[in-house]
Amino acid sequence: MAQECEFLVTCPIFALFHTVWMDKFWIARYCRRGGEGCERRRLKLADQEVPIALLPNGTHLALLSEVVQHPKNMTKICATS
């Protein structure tokens, strides 16, 4: 069995989206395999900034990006949910 990614405990994506669905896909695919192929881990190991909304596969979670860039819009986003 592969070792967990060394950044698992401090990863904001893991903390925000640790659910059954996430555990079966993202976490099992990247975090529980030592972080192999994780774009967040690659940037962290290269001492580069890791965008908060960057998913392990290198895509960005648009909603999270919007909230981080424009926190005042959070009220508007929550009102439409």
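Of the listed peptides 32-38, 48-54, what is their order by residue-averaged count of other C-beta atoms within 10 Å, with the highest listed first?
Per-residue Cβ counts within 10 Å, averaged per peptide and sorted highest first, yield 32-38, 48-54.
Please find the FRET efficiency linking HIS60 to THR10, where r is the Cβ-Cβ separation and R0 is fixed at 22 Å, and quote it to the nearest 0.05.
Once rounded, the FRET efficiency stands at 0.65.
For GLU36 and LYS24 in one chain, what is 0.36 nm times their gap in residues minus the Cα-Cα distance, to one decimal in nm?
Full-extension gain reported as 2.7 nm.
Would you calculate the separation in nanometres between label points at LEU45 and GLN3, each defined as 7 Å from the Cα along the Cα-to-beta-carbon direction?
1.2 nm
Computed from the coordinates by the stated procedures, all read-outs in this text should not be read as laboratory data. Source: prediction; values computed, not measured. Positions of Cβ are backbone-derived with ideal geometry, glycine not excepted, and every protein chain shown enters the neighbour counts.
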